[in-house]
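The values are calculated or read from the model by the stated rules, or taken from the named source; none is laboratory data. Since the structure is predicted, the reported quantities are computational estimates derived from the model, not experimental observations. Neighbour counts run over all protein chains shown; Cβ positions are idealised from the backbone, glycine included. Calculation scope for accessible area: heavy atoms of the full protein, side chains included, ligands and nucleic acids excluded. Shrake-Rupley method; radii C 1.70, N 1.55, O 1.52, S 1.80 Å.
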Amino acid sequence: MNIELLSARDPGWTEWADVIVVGSGIAGLTAALRLKDQVERVAVVTKDELQAGSTQWAQGGIAAALGEGDTPAQHEVDTLVAGAGACDLEAVRVLVGEGAEAVRELIEWGADFDKDPSGNLALTREGGHRRDRIAHADGDATGAEIQRALMEAVRRAPEILVFEHAMVVDLLTAADGGVAGLTIHVMGEGDADGVGIVRTRAVVLASGGLGQVFSQTTNPAVATADGMAIALRAGATLRDLEFVQFHPTVMYLGEDSRGQQPLISEAVRGEGAFLVDWDGARLMEGVHEMGDLAPRDIVSKAIMKRMLATGHPNMWLDARHLGRSGSERSAPEPVEPVETSRAFWERRFPNIYASLLSHGVDPSVDLIPVAPACHYASGGVHTDLWGRSSVPGLYATGEVACSGVHGANRLASNSLLEGLVFSRRIAEVLPGELRQLEDPAPGDARVLVPGAALKQLQETMTTKVGVLRNETGLAEAVSDLEQLGQEPATEIDPAAWEATNLLTVSLALARSALLREETRGSHWREDFAERDDARFAGHFDVRLRGGDTVATFTPAPSTDPSPPAQTTQSTLAGA
């Protein structure tokens with residue numbers, strides 16, 4: 001059976017590489033740097049410039065058992081607790097066991113993390129962590145520093161071929177179903193302008209997440225689920241798509257605000273900030289033993305519950321006392337003096353401080369308006385412990401992948417570590433598994449939806465598949481999205497490709513969320529308020545069949561103290 005391919009113009013150029021890495025964040029550039037000395041030709045393809053992905057926006061840091069008294073076993077426990085029984089235990093043990101070594105290699109490549117007065121890594125704490133194990137750089141610019149170091153390393157490696165402003169349209173497969181190449185649209189000057197084909201022996205997807213599925217997100221504009229949709233059309237399995245993490249402290253800019261929103265790092269709460277409601281009452285008191293540093297799903301739910309109960313569109317983050325000698329306040333009125341607090345913000349969180357000031361909020365005297373918004377996809381292309389997908393020659397790493405380490409809710413600052421660790425593991429096995437260059441087999445053209453459909457798609461997903469879900473809303477979302485897919489595009493362009501990718505993944509996400517009739521981690525069903533291991537210990541796996549997405553349940557034992565569940569298969573297919 002032929003795979004589905006997006007409609008595109010005939011290719012006007014060809015290239016080749018032994019390995020193509022799709023994406024230029026921590027996962028993609030780590031893979032390329034690790035592979036460059038093991039294969040003849042590595043290419044990196046990125047939809048914008050090298051620095052335009054999600055890595056540069058990471059504020060808090062990267063988690064690893066690097067501090068005195070900390071151990072991988074303790075990091076494992078925190079990861080499993082956050083994952084709400086849905087993690088892959090072996091994947092978590094790989095992550096925490098290899099994490100410290102991977103971070104040290106990142107430092108060797110030039111990443112400059114903040115130090116304490118003794119010259120050791122200055123480690124801090126974020127939500128869900130019971131130890132100070134978050135390494136950070138330039139206060140709140142960890143991702144930007146990691147991105148800088150990796151880009152400089154790539155630029156010192158002329159053997160790595162780089163395609164910037166290049167959107168991957170489709171993965172091409174050979175007659176045996178394995179990788180044969182990529183169709184790429186390059187927007188720029190030179191011989192590689194327009195649509196072309198890069199033949200290859202292996203593809204590493206490191207293309208990031210699906211944030212633009214929702215109207216408000218912390219993700220950049222390039223996070224349009226391309227990698228997940230490409231893999232799905234090529235025959236790969238997507239897993240755990242319903243587990244979308246909504247970060248609790250995203251700056252609220254008003255109900256009409258759209259696109260990428262300012263993130264207030266969890267590290268701010270790690271330094272002592274706390275959430276309050278409109279009456280100044282502490283929001284997390286009595287909710288969880290870790291208070292304001294509870295796992296993100298717990299904090300987001302607490303905020304949403306108070307918003308729903310009071311009718312207010314946001315809650316508040318109180319950080320006015322930070323930097324002052326031990327004073328902790330919960331009253332909403334500003335206090336003076338503020339010089340010490342401002343100095344603290346300028347030193348510890350200079351970029352967040354500048355962002356807040358640009359929106360008219362001075363956190364040394366003002367409460368910060370916050371509300372949950374889409375932040376991270378815990379699901380993605382299902383891989384094994386070495387990053388292999390179900391398609392021969394296709395690997396995935398970082399947010400586009402579902403390695404199993406995050407389960408139903410990602411632990412803070414584990415995302416950068418995941419991209420680092422699993423890209424290193426891919427580079428260990430891929431050179432020995434390289435396929436021969438094969439001719440691409442023909443595919444069936446998939447009808448595109450117009451780029452103008454994106455706004456309606458995002459509104460549907462935000463209102464019916466957002467933080468709080470129920471059967472009525474989810475069923476309506478599936479119906480609305482199916483109807484949206486019946487309106488074909490009249491233009492073949494990147495906007496139509498992105499909208500089609502987002503629609504494909506949105507349908508898969510909504511169908512999985514409808515089937516999971518429980519509340520677990522970041523998946524919150526108001527009509528099924530409790531976790532239900534007896535029916536839903538396991539994963540919803542999505543595949544493409546007959547041009548439509550089908551979600552099938554795969555049982556798996558819970559990875560926490562709850563007993564393993566025995567369950568039967570459930571399936572929901574589109575019309």
#### Entry: Amide H contacts of THR173 (H built 1.01 Å from N, under 5 Å, at least 5 apart or other chain)
ALA180, ALA441
#### Entry: Size-normalised alpha-carbon gyration radius of segment 116-196, reference 2.2 N^0.38 Å
1.75
### Task
For TRP386, put the label point 7 Å out on the Cα→Cβ axis and report which residues of segment 428-450 keep their amide N under 16 Å from it.
428-436
### Message
Starting from 0.36 nm per residue, how many nanometres of slack lie between ARG258 and TRP278 once their C-alpha separation is accounted for?
### Response
4.8 nm
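Find the relative contact order for the chain and round it to a whole percent, using C-alpha pairs within less than 8 Å whose residues are 6+ positions apart.
Reported relative contact order: 21 percent.
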### Query
If you place +1 on the Cβ of every Lys and Arg, -1 on the Cβ of every Asp and Glu, and leave all else neutral, what size is the dipole of the chain about its Cα centre, to the nearest 20 Debye?
520 debye
### Query
Tell me which lysines have Cα within less than 19 Å of LYS301's Cα, excluding those fewer than 8 residues away on the same chain?
LYS464
### Message
Using the Karplus curve 6.51 cos²θ - 1.76 cosθ + 1.60 with θ = phi - 60°, what ³J(HN,Hα) values do you get for each residue of segment 307-322, in whole Hz, with x for Gly and Pro?
### Response
4, 5, 6, 9, x, 8, x, 7, 10, 10, 10, 9, 10, 5, 8, 4
### Summary
Using a 1.4 Å probe on heavy atoms of the protein chains only, the accessible area for LYS305 in Å², nearest 10, reads 120 Å²
### Task
For every other residue with a beta carbon closer than 11 angstrom to the beta carbon of ALA225, add +1 if it is Lys or Arg and -1 if Asp or Glu, then tell me the sum.
-3
### Message
I'd like the carbon and sulfur percentage of the solvent accessible area for segment 376-449, probe radius 1.4 Å, heavy atoms only, ligands and nucleic acids excluded.
### Response
50 percent
### Query
Share of segment 111-202's accessible area from carbon and sulfur, percent, 1.4 Å?
46 percent
### Query
Once amide H atoms are built 1.01 Å from N in the peptide plane, which residues 5 or more positions from ALA401, or in another chain, come under 5 Å H to H?
VAL381
### Message
Quick one: 3J(HN,Hα) in Hz for segment 3-18, Karplus 6.51/-1.76/1.60 with θ = phi - 60°, rounded, Gly and Pro as x.
### Response
7, 8, 10, 5, 4, 8, 5, 4, x, x, 7, 9, 9, 8, 7, 5
### Task
Tell me which residues come under 5 Å, amide H to amide H, from THR549 once H is placed; ignore anything under 5 positions away on its chain.
GLY574
### Query
What share of the DSSP beta bridges in the chain is antiparallel, in percent to the nearest 5?
65 percent
### Task
Return the sequence-ordered ³J(HN,Hα) values of segment 264-279 in whole Hz as given by the Karplus equation 6.51 cos²θ - 1.76 cosθ + 1.60 applied to θ = phi - 60°, using x for Gly and Pro.
9, 3, 4, 4, 5, 5, x, 8, x, 5, 9, 8, 9, 8, 6, 9
### Summary
Note on segment 384-459: alpha-carbon gyration tensor, axes a ≥ b ≥ c; rule is a/c under 1.5 for rounded, else prolate if a/b larger than b/c, else oblate; result oblate
### Query
Shape of segment 408-558 from its Cα gyration tensor (a ≥ b ≥ c, root eigenvalues): rounded if a/c is under 1.5, otherwise prolate when a/b > b/c, or oblate?
oblate
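On average, how much accessible surface per residue is there in the chain, in Å², for a 1.4 Å probe, leaving out ligands, DNA and RNA?
In whole numbers, the chain has 36 Å² accessible per residue.
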### Message
As I understand it, the dipole of segment 438-505 uses +1 on the Cβ of Lys and Arg and -1 on the Cβ of Asp and Glu, about the Cα centre. Which of GLY485, THR504, THR462 lies farthest toward its positive end?
### Response
THR462
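How would you classify segment 97-162 from its alpha-carbon gyration tensor, with a ≥ b ≥ c the square roots of the eigenvalues: rounded for a/c under 1.5, else prolate if a/b is greater than b/c, otherwise oblate?
Verdict is prolate for segment 97-162.
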### Cleavage-rule hits, GluC sites (Glu not before Pro), segment 121-230, DSSP coil, Cβ neighbours within 10 Å at most 12
GLU159, GLU189
### Query
So which GluC sites (Glu not before Pro) in segment 477-508 are both in a DSSP loop and have at most 12 other Cβ atoms within 10 Å of their Cβ?
GLU491
### Message
If DNA, RNA and ligands are ignored and the probe is 1.4 Å, what is the ranking of TRP345, TRP524 by accessible area, most exposed first?
### Response
TRP524, TRP345
### Summary
SASA check, ARG201, accessible area w/ 1.4 Å probe, all protein chains in place, rounded to nearest 10 Å², comes out at 60 Å²
### Task
Jot down the radius of gyration and Dmax of segment 213-263, Cα atoms only, both in angstrom.
13.6, 41
### Proximal lysines relative to LYS47, as straight alpha-carbon distance under 28 Å, when same-chain residues fewer than 8 apart are discounted
LYS36, LYS455
#### Entry: Around THR397: net Lys/Arg minus Asp/Glu count, Cβ-Cβ under 14 Å
-1
### Query
Given the Cα-Cα distance of ASP10 and LYS305 and 0.36 nm per residue of separation, how much length would full extension add, in nm?
101.0 nm
### Query
Using only Cα atoms, what Kirkwood radius does segment 1-141 have, in angstroms?
18.0 Å
### Query
Semi-axes of the chain's equivalent ellipsoid from the Cα gyration tensor, sqrt of 5 times each eigenvalue, largest first, rounded to whole Å?
36, 27, 23
### Message
Could you compute the net charge surrounding PRO363? Neighbours are other residues with a C-beta less than 10 Å from the C-beta of PRO363; K and R count +1, D and E count -1.
### Response
-1
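How long are the semi-axes of the equivalent ellipsoid of segment 181-288, taking √(5λ) for every eigenvalue λ of the Cα gyration tensor, in whole Å from largest down?
The three semi-axes for segment 181-288 are 40, 17, 12 Å.
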#### Entry: Exposure of HIS288 as accessible area (Å², to 10), given a probe of 1.4 Å and all protein chains
50 Å²
#### Entry: Point-to-point label distance, GLU482-THR340, nm (Cα→Cβ direction, 7 Å offset)
6.2 nm
